[in-house]
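Remarks on the structure that follows.
The values are calculated or read from the model by the stated rules, or taken from the named source; none is laboratory data. Bear in mind that the values here come from a model prediction, so they are computed numbers and not experimental data. Don't worry about glycine lacking a Cβ; one is built from the backbone with ideal geometry, like all the others, and counts go over all protein chains shown. Ligands, DNA and RNA are excluded from the accessible area calculation, which covers all protein heavy atoms including side chains. Shrake-Rupley method; radii C 1.70, N 1.55, O 1.52, S 1.80 Å.
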Amino acid sequence: MIDLKYFQNNFEEASNKLAKKAVATQTLEELKSLFASLKDDNAKYEATKAEQNKLSKLFGEYKQKGLDTYELKAQLDSFKTTLATLQENARRSEEALEALSQMIPNFPDDSVPEGVDENYNIELRKVLEPRKFDFTPKEHWELASSCGWIDFERGVKLAKSRFSVLRGDGARVERALINFFLNFNRKNGFEEFNLPLMNNASMLRGTGQLPKFEDDLFRIEDEDLYLIPTAEVPLTNLYNDEIINDKELPILMTAYTPCFRKEAGSAGRDTRGMIRQHQFDKVEMVAISHPDKSDEIFEMMVQNASDLLTALELPHRLVMLCGGDLGFSAAKTVDIEVWLPGQNQYREISSISNTRDFQARRAKIRYKQDGKNSFVHTLNGSALAVGRTLIAIMENYQQEDGTIKIPEVLKSYL
RNA sequence: GGACAGUUGGGUGAGUUGGCUGAAACCACAUCCCUGCUAAGGAUGCGUACGGGAAACUGUACCGAGGGUUCGAAUCCCUCACUGUCCGCCA
């Protein structure tokens, strides 16, 4: 949720920021007018209600003193319908404003480059040189059967398309990666969590998945529950509706969870292989930070994710997302893309975002400093997407005979 | 799944014969005083959100959520959610 007061008082500036995320001017005008009418309706209701409260109090005093209340009663009765109408107006205005403001994405930072799609993203740096192959490297799905790590067909049989089965060393490496990531994150100050994989609608609203992206979520029938699309949801919402003592900040958290996504808008994309699945494993980092410290923590999280890939000796690059490619809640995002020699391209394996106070506003996560409450900043990032790391290992560590070497750092985990 | 009990501010917890309670007391926290040492004592302040005001201050809403009764509800009624205890079931 954006700061509506700031939006209203700095309409020009705020609109320009949101233009980077391609929000329609008409929508912004509507938001502005809804805000104004809510204020208006509230003022009317509150003034009348104040009057009624005063007379009601007087009524009580009259009764106590045994005075005649006939006239006062008649007067008070007349408030009933007036107040009901005014209240209804205010309620409608509030609902309309709430509905629209929930759909407005976060302001991008000034440092975020302009651009409509990923072609305008800016490469920050490359880490590690891709390995030179003396044979033609295969894509991971070609390697899947030769090394026996992934069984796509049986995954589909058990569930449906975009599900797969890991077996043997594939399953073991997946598990090793999870342990390696969690330990690495923990050594860097992140506390480990194990979380509910279903969260209720209110939590999903807190982090911004609802109401706008319901189509991408798996919902549990007859329950107010959704399968989480990322551990960002439960981790961030651990502090939903809480006021944190500023001495506890920053709070650094990490968790491994499976993630569930319908991939509604991705029909036909990455249908082959394990890049885009309905269920995938991910180790996530979340930070709850003092506003002054979130940039610093952001850099630390980016570095942490990059270091994981470096430790696995996987070549990768860091990319600053442009406004058009930025997610709904993010003010700033750096993607980390790992080199896939079989595909001969870099593919996203981590995405680290600073949402500033956007999620904190929605989820009511505040900190108290010198008796005053303010919204915290929340950050999240993958460290890392486990399935995609497995793929990256397969493609980067493949041998000519179709077998896969095990990265040095993982050996102690197997 | 069945029965009973409960859900109040950062925490514990009063208040449920409707108005003087946005809410006692205690703890925690903040500032100050005293003292001087791995402590204690004293003073003051201290819920959240939105609106008005330069400010002092002030209006409205909120005592799990939603609805109802009433001039007026934390207090009465209804529905739902959650928590606790006992029973049943179960990894």
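Looking at chain A, identify the longest residue range that excludes and avoids all trypsin sites (Lys or Arg not before Pro) in DSSP loops having at most 16 other Cβ atoms within 10 Å. Show your work: numbers first, answer last.
Numbers: sites that count: A:Arg131, A:Lys132, A:Lys160, A:Arg167, A:Lys212, A:Arg269, A:Arg272, A:Arg276, A:Lys364, A:Lys405.
Answer from the scan: A:1-130.
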task = Just add up the charged neighbours of A:Tyr70: K/R +1, D/E -1, any other residue whose Cβ is under 13 Å from the Cβ of A:Tyr70.
result = -1
task = Pop out the Kirkwood hydrodynamic radius of chain A from its pairwise C-alpha distances, inverse of mean 1/r, in Å to one decimal.
result = 24.1 Å
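Counting other Cβ atoms within 10 Å, keep those with at most 11, restrict to DSSP loop, and tell me which GluC sites (Glu not before Pro) in region A:212-296 are left. Spell out each step's value before the answer.
On the way: sites: A:Glu214, A:Glu221, A:Glu223, A:Glu232, A:Glu242, A:Glu248, A:Glu263, A:Glu284, A:Glu296; in loops: A:Glu221, A:Glu223, A:Glu242, A:Glu263.
Hits after loop and neighbour filter: A:Glu221, A:Glu223.
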Cα-projected label distance for A:Glu114 with A:Asp401, points at 7 Å along beta-carbon direction, nm = 5.7 nm
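In terms of solvent-accessible area of protein heavy atoms at a 1.4 angstrom probe, what is the ranking of A:Ser202, A:Ser382, highest value first? Display every interim value, and only then the final one.
Details: A:Ser202 50, A:Ser382 10 Å².
Putting A:Ser202, A:Ser382 in descending order of accessible area: A:Ser202, A:Ser382.
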query = Mind listing P(r) for region A:253-388? All alpha-carbon pairs, 10 Å bins, whole percents.
reply = 11, 37, 36, 13, 3, 1
inquiry  = At 18 angstrom or more along the helix axis (alpha-carbon based) and mean Kyte-Doolittle of -1.0 or higher, what helices does chain A contain? Whole DSSP H runs only.
reply    = A:70-101, A:169-187, A:294-311
task = State the answer as a single residue: which of A:Phe11, A:Gln87, A:Leu67 lies farthest towards the positive end of the charge dipole of region A:4-101, with beta carbon charges of +1 for Lys and Arg and -1 for Asp and Glu, about the Cα centre.
result = A:Leu67
inquiry  = Accessible area per residue for region A:223-299 in Å², computed with a 1.4 Å probe and the full protein assembly in place, what is it?
reply    = 41 Å²
key: Mean-position separation - Cα centroids, region A:284-363 and region A:99-147, in angstrom   = 10 Å
ask   = Residues of region A:44-63 with amide nitrogen under 14 Å from the 7 Å Cα-to-Cβ point of A:Lys73?
value = A:59-60, A:62-63
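Using a Förster distance of 25 Å, how high is the FRET efficiency between A:Asn179 and A:Asp224, based on the Cβ-Cβ distance and rounded to 0.05?
The formula returns an efficiency of 0.15 here.
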inquiry  = Are there any GluC sites (Glu not before Pro) in region A:313-414 that are in a DSSP loop and have at most 16 other Cβ atoms within 10 Å? List them by number.
reply    = A:Glu313, A:Glu400
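With 21 Å as the limit, write out which pairs from A:Lys126/A:Lys187; A:Lys49/A:Lys368; A:Lys293/A:Lys368; A:Lys5/A:Lys32; A:Lys20/A:Lys368 have Cα-Cα distances beyond it, or answer none.
On the way: A:Lys126/A:Lys187 25 Å; A:Lys49/A:Lys368 32 Å; A:Lys293/A:Lys368 15 Å; A:Lys5/A:Lys32 10 Å; A:Lys20/A:Lys368 33 Å.
Checking Cα-Cα distances, A:Lys126/A:Lys187; A:Lys49/A:Lys368; A:Lys20/A:Lys368 exceed 21 Å.
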request  = Give the cross-link partners of A:Lys65 among the lysines, using a straight C-alpha distance below 23 Å as the criterion and excluding same-chain residues fewer than 8 apart.
outcome  = A:Lys54, A:Lys57, A:Lys73
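Say R0 is 45 Å: what FRET efficiency, to the nearest 0.05, do A:Lys32 and A:Lys160 get from their beta-carbon distance? Please report the intermediate quantities before stating the final value.
Details: r = 45 Å, r/R0 = 0.99.
About 0.50, to the nearest 0.05.
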ask   = Calculated from DSSP H runs of 4 or more alone, at -39500 (n - 2.57) each and per residue, what is the 222 nm mean residue ellipticity of chain A, nearest 500?
value = -13500 deg cm²/dmol
request  = Determine the sum of side-chain charges near A:Met253: Lys and Arg each +1, Asp and Glu each -1, restricted to other residues whose C-beta is under 11 angstrom from that of A:Met253.
outcome  = -3
query = Given Cα pairs under 8 Å that are at least 6 residues apart, what percent is the relative contact order of region A:4-101?
reply = 36 percent
ask   = Over chain A, what is the mean sequence separation of C-alpha contacts under 8 Å (at least six apart), divided by residue count, expressed as relative contact order in percent?
value = 20 percent
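On a full-extension model of 0.36 nm per residue, what is the gain between A:Asp246 and A:Asn194, subtracting their alpha-carbon distance, rounded to one decimal in nm? Kindly include the intermediate steps, with their values, before the conclusion.
Working: separation 52, 0.36 × 52 = 18.72 nm, distance 2.47 nm.
Length difference between fully extended and current span is 16.3 nm.
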ask   = Taking the Cα centre of chain A as the origin and placing charges on Cβ (Lys, Arg +1; Asp, Glu -1), which of A:Thr310, A:Met1, A:Asn53 is farthest toward the positive end of the dipole?
value = A:Asn53
